[in-house]
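What follows is calculated from the coordinates using simple rules that are stated; it is not laboratory data. Not measured: the values here are computed from a predicted model. All Cβ positions, even for glycine, are placed from backbone atoms using ideal geometry, and neighbour counts span all protein chains on display.
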Amino acid sequence: MTNGFETVIFEKRGSIAYVTLHRPQALNAFSVQMRDDLYEVLSAIQVDDEVHVVVFKGAGDKAFCAGADLNEFLTAPSVVEARRIRAVRDLWRLFLSIPQPLIAALHGYVLGSGVEIALFCDLRIASDDVVFGLPEVGLGIIPGAGGTQTLPRVVGLSRSLDMLLTNRWIKSDEAYHFGLVTRVVPRAELLPAVEDIAHKIASFDPVTVRKVKEAVLRGFDLSMSDGLDLERRLASELAAMRSLKIRNSANEE
Ligand code: COA
């Protein structure tokens, strides 16, 4: 199934959903229209139990996403106004609320909001030609899609500050050493590698997968003690759902 939006291609193949950022002529720069399209797509995914895992990728050869659309920024009355328009729909909190695992398939330029979208994904897989960067500081703005919060959680304080304060661009191998991506593959193998991972996740019980994601992500911001309570609660919920399912199927027989 394919649903065409202006800036995003949304496809469902079996239990895997594919979301392609699709403005290749502008290196998939993140525009207000893309925000609206992604909002629609993610809202649909969030309530779609047929979708067990989601893959994000970028159209064209050159980039996953080259950051915020600079033409929109430059034509808005002010940067503050450009930001205000973007904040009308809180896409970033919606990203955080998606229960299914999200995988970013990254190639070429991954800049600004491109990095931030990738950081909202649970797994980041890169081809060997990626360049990551957060150029916001040089544009007189701070990252507005969670980057100041998500990057330190993924790569630690020192590395985040190095990237955020100096606009240092890093390549795939360094991103791997930073822990920003967990696998690096040749460009031609990027999509097959990501599909393998997506199929692997989709082969597991989807409710169990969601609970694991919830335990890790919600637990990350808790104390160890509260995190262990959360884990126990989620495990009990899972066990209760499983015994209910067994009882229901026994009643049906
Ligand atoms: N917003 C809008 N358009 C963008 C864009 C962006 N963030 N990044 C690239 N584009 C457009 C270019 O304007 C160009 O359009 P054109 O063909 O109509 O002139 C097209 O995408 C190709 O980009 P180009 O700059 O020609 O490619 P390149 O290989 O020479 O350089 C980059 C690639 C990524 C280094 C360069 O495009 C760049 O620095 N982009 C801006 C990155 C940025 O600061 N993003 C904002 C982060 S907050």
Just to verify a number: FRET efficiency for H199 and L244, C-beta to C-beta distance, R0 = 30 Å, to 0.05? 0.60
Helix-only [θ]222 nm of the chain, DSSP H runs n ≥ 4, -39500 (n - 2.57) each, per residue, nearest 500: -15500 deg cm²/dmol
Using only the Cα atoms, what convex hull volume per residue in Å³ does the chain have? 133
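How much length is gained on full extension from N167 to A235, taking 0.36 nm per residue of separation minus their Cα-Cα distance? It would help to have the intermediate numbers written out before the result.
Details: separation 68, 0.36 × 68 = 24.48 nm, distance 4.23 nm.
Stretched out fully, the N167 to A235 stretch lengthens by 20.2 nm.
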What do you get for the angle between helix 190-202 and the principal long axis of the chain? Use alpha-carbon atoms, 0 to 90 degrees, nearest ten. 30
Degrees between helix 224-252 axis and first principal axis of the chain (Cα, 0 to 90, nearest 10): 50
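Could you check what % of the DSSP bridge pairs in segment 1-68 are antiparallel, to the nearest 5?
Approximately 55 percent, going by the DSSP bridge assignments.
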Please enumerate, by chain and number, the aspartates and glutamates with C-alpha under 18 Å from the C-alpha of K12, excluding those fewer than 8 residues away in the same chain. D37, E40, D48, D49, E50, E195, D196
Can you pull the one-decimal nm distance between simple spin-label points at T208 and R89, each 7 Å off the Cα toward Cβ? 3.6
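Could you calculate the contour length gain from V154 to T182, that is, 0.36 nm times the residue separation minus the distance between their Cα atoms, to one decimal place in nm? Mind showing how you got there, number by number?
Values: separation 28, 0.36 × 28 = 10.08 nm, distance 1.09 nm.
Length gained, V154 through T182: 9.0 nm.
Quick check on the chain: of the DSSP beta bridges with both residues there, what percent are antiparallel, nearest 5%?
Numbers: 12 of 35 bridges.
The antiparallel proportion sits near 35 percent.
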For Q33 and E11, extending 7 Å from Cα along the Cα-Cβ vector and measuring point to point gives, in nm, a value of 2.1
Final fewest-first order of I103, I246 on the 10 Å Cβ neighbour count is I246, I103
